[in-house]
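Visitor: Submitted below is the structure of interest, expressed as structure tokens.
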Amino acid sequence: MKKLFYLFMVGAALSFAKPYNIDKSHSSVDFEIKHLSLTKVKGSFANFEGKIDIDPKTKIINSFAGTLDIASIDTKDQKRDNHLKASDFFDVAKFPKAKFKMTKFENGKIYGDLTFRGITKQVVWEAQINGPAINPMNKQEFIALEIEGKVNRKDFEIGLSFANVVLSDEVKFSIQLEVYAQ
């Protein structure tokens, strides 16, 4: 009887979860890295996509996966962007996409596998889930997610010839997602 109750509760909880679509016009994937140990250089990836399944009542993320189009990198400097696409950094010709797949969501943290340059590493990122709410413009339910995390670029063999003092090993990511119920 206890097992039957447990299965019912799991089934009931899952019935509230639903897939959401990312509204790219109100979302962003941004990063920040220190240059010469003093200056923060910021950039973003303009082209990305993903799928997220979230329970709006409990604010539990059941699944989350996404990809970045590395060629869409934008640091507001075309020469630097072209260098970042080259083989000593992202090597866009061989590795045009970065991928993320969540493995667990727990206590406001997203655990997952992040892949750059064909190298996959486990990451843990902080997530703040705001909403759900109804957009007064289109009358649709939406949720906003703020995701922040750090990676070591050298773990992914990105810019190995640049010392930490020139280009920090740590790269901070800030992801803002506005997602709408399907």
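The values are calculated or read from the model by the stated rules, or taken from the named source; none is laboratory data. Note that the coordinates shown come from a computational prediction; the quantities given were computed from them, not determined experimentally. Glycine gets a Cβ as well: all are built from the backbone with ideal geometry, and neighbour counts include every protein chain shown. Please note that ligands, DNA and RNA were not included when accessible areas were found on the heavy atoms of the full protein model with its side chains. Shrake-Rupley method; radii C 1.70, N 1.55, O 1.52, S 1.80 Å.
Visitor: Restricted to the stretch 151-170, and to residues that are of a type in the set (D, E, K, R) and without any contact (Cβ under 8 Å) to a residue 24 or more places away in the chain, which residue is least open to solvent (accessible area, probe 1.4 Å)?
Guide: Here is the first cut: in the stretch 151-170, the residues of a type in the set (D, E, K, R) are 153-155, 157, 169-170.
Checking which are without any contact (Cβ under 8 Å) to a residue 24 or more places away in the chain leaves us with 154, 169.
Values: K154: 66, D169: 34 Å².
Looking at the filtered set, the residue picked out is D169.
Visitor: Right, here's the next one. Go through the stretch 142-182 and report how many residues are closer than 16 Å to S37 by Cα, within 18 Å of the chain's Cα centre (by Cα) and part of a strand (DSSP E or B).
Guide: Final tally of qualifying residues: 4.
Visitor: Would you be able to say whether some residue in the stretch 139-160 is small (G, A, S), in contact with a Pro (Cβ under 9 Å, 6 or more places away or on another chain) and on the phi > 0 side of the Ramachandran plot?
Guide: Scanning the stretch 139-160, I find no residue that is small (G, A, S), in contact with a Pro (Cβ under 9 Å, 6 or more places away or on another chain) and on the phi > 0 side of the Ramachandran plot, so the answer is no.
Visitor: Here is a follow-up. Can you confirm whether the stretch 129-141 contains a residue that is of a type in the set (D, E), at pLDDT below 95 and either exposed (fewer than 15 other Cβ atoms within 10 Å of the Cβ) or not in a loop (DSSP other than H, G, I, E, B) (or both)?
Guide: Going residue by residue through the stretch 129-141, those that are of a type in the set (D, E) are 141.
In the following step, the residues that additionally are at pLDDT below 95 were identified as 141.
Of the ones still in play, those that are also either exposed (fewer than 15 other Cβ atoms within 10 Å of the Cβ) or not in a loop (DSSP other than H, G, I, E, B) (or both) are 141.
Within the stretch 129-141, one or more residues are of a type in the set (D, E), at pLDDT below 95 and either exposed (fewer than 15 other Cβ atoms within 10 Å of the Cβ) or not in a loop (DSSP other than H, G, I, E, B) (or both).
Visitor: Now for a different question. Going by what's in this entry, would F105 be described as within 23 Å of S27 (Cβ to Cβ), in contact with a Gly (Cβ under 7 Å, 6 or more places away or on another chain) and buried (at least 19 other Cβ atoms within 10 Å of the Cβ)?
Guide: Numbers: within 23 Å of S27 (Cβ to Cβ): yes; in contact with a Gly (Cβ under 7 Å, 6 or more places away or on another chain): no; buried (at least 19 other Cβ atoms within 10 Å of the Cβ): yes.
Spelling it out, it is not the case that F105 is within 23 Å of S27 (Cβ to Cβ), in contact with a Gly (Cβ under 7 Å, 6 or more places away or on another chain) and buried (at least 19 other Cβ atoms within 10 Å of the Cβ).
Visitor: Can you tell me which condition T115 does not meet? The list is (1) in a strand (DSSP E or B); (2) within 22 Å of K42 (Cβ to Cβ), and all the others hold.
Guide: The single condition T115 does not satisfy is (2).
Visitor: Which number in (1) in a strand (DSSP E or B); (2) touching a residue at least 40 places away in the same chain (Cβ under 8 Å); (3) acidic (D, E) marks the one condition that D88 misses?
Guide: Among (1) in a strand (DSSP E or B); (2) touching a residue at least 40 places away in the same chain (Cβ under 8 Å); (3) acidic (D, E), the lone unmet condition for D88 is (1).
Visitor: Suppose the filter is open to solvent by less than 40 Å² (accessible area, probe 1.4 Å) and part of a loop (DSSP other than H, G, I, E, B); does F100 pass it?
Guide: Details: open to solvent by less than 40 Å² (accessible area, probe 1.4 Å): yes; part of a loop (DSSP other than H, G, I, E, B): no.
So F100 fails the test.
Visitor: Now a separate question. Just to be sure, is F100 at pLDDT 95 or above, of a type in the set (F, W, Y), closer than 25 Å to A133 by Cβ and under 13 Å from the mean Cα position of the chain (by Cα)?
Guide: Working: at pLDDT 95 or above: yes; of a type in the set (F, W, Y): yes; closer than 25 Å to A133 by Cβ: no; under 13 Å from the mean Cα position of the chain (by Cα): yes.
So F100 does not fit the description; no.
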